[in-house]
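> Could you have a look at this structure, given as structure tokens, before my questions?
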Amino acid sequence: MIEIKNVSKSYPNGVEALFDINIHIGKEEFVFIVGPSGAGKTTLMKMLYREELPNSGTVIVDRINVTELLPEQVPYLRRAIGVVFQDYKLLPRRTVYENVAFALQVTGAARSQIRRHTMQALELVNMLKRASSFPEELSGGEKQRVCIARAIVNNPTLLLADEPTGNLDPTTSWEIMELLDKINRRNTTVLVATHNKSIVDSMKRRVVQLEGGRIMRDQQLGGYSQV
Amino acid sequence: MRIFGDLEFFVVEAFRGVRRSGVMSLVAIGIVTVSLFIFGLFLLFMVNLGNMVSEMGSRLDIVAYVEKAVTPDEAAAITEKLSHITGVEKVRYVSREEAWRSFRDDFTQKLDLATIVGENPLPDSFAIKVRTPDILPRVAEAVAQYPEVDEVRYSGKLIKQIQTLLDALRLGGAVLVVLLFFATLLIVVNTIRLTVLARETDIYIMKLVGATRSFIRWPFVIEGILIGVLGGLLGILILKPSYDAVTNRLQVGLPFLPLMTDKFTLNVIYLMVGLSGMLLGMLGGYISVSRLLKEK
């Protein structure tokens with residue numbers, strides 16, 4: 001599903017974000033990416049949906065060579081990837097329904113399909129009853145559910161979540177993780193960058209630990225830190 | 001069906017944009033109006049000048065005088081020879097009697113020439129029509145080369161001066177129009193950029209979920225078209241009555257002035273003004289969002 005080979009990335013301001021990274025992630029895996037702030041977690045994720053390009057190395061997602069993609073092909077890569085943010089990035093003037101439908105609308109989907117898929121996505125994240133609310137009327141956990149619904153509404157094969165529980169209390173964080181786990185069980189590869197030690201420790205999934213732009217550990221059924 | 005769904009999305013978004021940057025949109029429309037009004041004035045001015053010059057050109061022939069009276073055979077031979085000069089449209093033999101007659105007709109109301117001059121003092125001549133006024137000097141020179149021709153007359157200097165003036169005006173006008181175009185474009189771009197900035201998150205999300213660049217662009221291009229077309233229509237709405245009023249007044253005072261009143265030509269000019277507005281708006285919308293659409 002994901003093949004990252006010898007990837008290095010430094011920003012124009014001189015910061016070395018990633019250094020010679022090699023990761024292979026199979027179809028339908030659930031992987032935690034852990035590490036302190038500035039370890040390169042976000043950069044790694046951005047590289048997958050081509051918001052950033054590596055200085056060297058190759059990135060392959062779902063058999064697409066991301067590093068060699070032409071700008072006009074980028075939208076089609078992104079339709080295969082859902083992204084969830086710590087700060088949700090919901091559009092304030094649109095309702096919950098419109099926020100989710102927006103992702104289909106802008107890819108030119110048919111109206112009947114937009115309605116059906118939006119309803120299904122909202123149902124999956126258990127937000128159907130809040131469909132006509134505006135984001136400001138929602139709690140943090142509810143906002144994150146809407147953000148997840150938007151990320152999965154066009155049925156991506158890969159879901160990326162960058163600190164999805166960063167702004168949430170422990171109980172709500174658990175609910176969100178269970179939701180991501182549920183999506184993973186529906187045959188979607190899921191990558192979660194997180195600081196949340198207790199969740200990583202108890203979920204016992206594959207853990208990739210980054211530090212200073214290098215991989216310190218890549219462990220099946222791992223915990224947040226090495227034992 | 002899909003196309004219509006998309007179109008509805010674009011248009012709704014475009015109107016949202018115009019409303020969101022309300023006052024600035026009005027300012028932009030006003031500036032487009034003024035620019036296009038000036039552009040239209042320039043077009044009308046040039047068309048009228050061109051009209052005048054060609055009118056004058058059609059009146060101005062080259063006249064080639066011959067020394068002595070020619071026989072009809074000789075006249076035909078000379079006519080034939082002169083017709084072969086490139087740029088010559090028509091050559092007509094004017095006998096001294098005919099010239100005298102028309103001369104007297106022209107002036108008979110003002111003074112009785114026959115009593116002053118007595119008998120006919122005019123030589124035989126050939127009136128030569130050329131295709132365009134600008135080749136008058138060259139043709140005149142060629143005509144003068146013929147031994148039968150005694151003297152060549154044409155209002156070359158005047159035509160030349162008018163042509164030079166016209167060229168200068170055309171160049172100056174074109175420079176003005178280009179400057180005006182870019183200044184107006186800048187205003188339109190900045191107006192729509194207000195919408196673009198207000199919608200940065202929307203655009204980011206659109207890119208993230210895989211909207212194509214053209215899809216993201218359309219609402220802004222349509223917003224530009226709205227501004228441009230409204231400005232263009234207002235410009236025409238001011239331009240047309242102004243021109244009609246001015247030409248009406250001029251035609252009363254200066255009836256011999258060959259003003260352009262051809263409906264078709266005028267409508268083409270108004271159409272050009274409107275289309276320029278649309279183009280200006282489209283381009284403005286296109287440019288305004290470009291920076292945000294760059295992919296790494």
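> Looking at A:Leu122, A:Leu104, A:Leu91, A:Leu180, can you tell me which residue is within 21 Å of B:Ile205 (Cα to Cα), among the hydrophobic types (A, V, I, L, M, F, W, C) and touching a strand residue (DSSP E or B) at 6+ places or on another chain (Cβ under 9 Å)?
A:Leu180
> Still on this structure: I need the full set of residues from region A:102-114 which are in contact (Cβ under 8 Å) with a residue 24 or more places away in the chain and open to solvent by less than 20 Å² (accessible area, probe 1.4 Å), in order please.
Within region A:102-114, A:Phe102, A:Ala103, A:Leu104 meet the criteria.
> Another question about this same structure. Considering region B:17-26 alone, what residues qualify as being surrounded by 15 or more Cβ atoms within 10 Å (Cβ to Cβ) and aliphatic (A, V, I, L, M)?
Correct list: B:Val18, B:Met24.
> Among the residues that make up region B:197-212, is at least one of them open to solvent by less than 20 Å² (accessible area, probe 1.4 Å), closer than 23 Å to B:Glu55 by Cα and either at pLDDT below 80 or touching a Pro at 6+ places or on another chain (Cβ under 8 Å) (or both)?
no
> Residue by residue through region A:209-227, note down the ones that are part of a loop (DSSP other than H, G, I, E, B) and either small (Gly, Ala, Ser) or open to solvent by 50 Å² or more (accessible area, probe 1.4 Å) (or both).
The answer is A:Gly212, A:Gly213, A:Gly223, A:Ser225, A:Gln226, A:Val227.
> Go through B:Ser25, B:Ser21, B:Ser35 for me and flag whichever is out of contact with any Leu (no Cβ under 6 Å at 6 or more places or on another chain) and more than 14 Å from chain A (Cβ to nearest Cβ).
When all the criteria are applied, what remains is B:Ser25.
> In the list B:Phe45, B:Phe37, which residue meets the criterion of being in contact with a Gly (Cβ under 6 Å, 6 or more places away or on another chain), open to solvent by 30 Å² or more (accessible area, probe 1.4 Å) and assigned to a helix (DSSP H, G or I)?
From the options B:Phe45, B:Phe37, the qualifying one is B:Phe37.
> Could you say whether any residue in region A:26-40 is farther than 28 Å from A:Met203 by Cβ and not acidic (Asp, Glu)?
no
> When the residues of region A:115-127 are narrowed to those that are in a helix (DSSP H, G or I) and open to solvent by 70 Å² or more (accessible area, probe 1.4 Å), which ends up nearest to the other protein chains (Cβ to nearest Cβ)?
Out of the qualifying residues, it is A:Arg115.
> Of all residues in region B:248-275, which are surrounded by fewer than 11 Cβ atoms within 10 Å (Cβ to Cβ), of a type in the set (A, V, I, L, M) and in a loop (DSSP other than H, G, I, E, B)?
Selection gives B:Leu254 alone.
> Go through (1) in a helix (DSSP H, G or I); (2) within 14 Å of chain A (Cβ to nearest Cβ) one by one and return the number of the condition B:Ala245 breaks.
Every listed condition holds for B:Ala245 apart from (2).
> Right, next: Working only within region A:88-101, note down all residues that are open to solvent by 20 Å² or more (accessible area, probe 1.4 Å) and either out of contact with any helix residue (DSSP H, G or I) (no Cβ under 9 Å at 6 or more places or on another chain) or at the interface with chain B (Cβ under 9 Å from one of its Cβ atoms) (or both).
Residues satisfying the conditions are A:Lys89, A:Leu90, A:Pro92, A:Arg93.
> Name the residues in region A:63-79 that are charged (D, E, K, R), open to solvent by 30 Å² or more (accessible area, probe 1.4 Å) and either over 19 Å from the mean Cα position of the chain (by Cα) or within 13 Å of another protein chain (Cβ to nearest Cβ) (or both), would you?
Residues satisfying the conditions are A:Glu68, A:Glu72, A:Arg79.
> Please work out if A:Val34 is within 9 Å of another protein chain (Cβ to nearest Cβ) and surrounded by 16 or more Cβ atoms within 10 Å (Cβ to Cβ).
no
The values are calculated or read from the model by the stated rules, or taken from the named source; none is laboratory data. Given the structure is predicted, the values throughout are model-derived calculations rather than measurements. Ideal geometry is used to build each Cβ from the backbone, glycine not excepted, and the neighbour counts take in all protein chains shown. Ligands, DNA and RNA are excluded from the accessible area calculation, which covers all protein heavy atoms including side chains. Shrake-Rupley method; radii C 1.70, N 1.55, O 1.52, S 1.80 Å.
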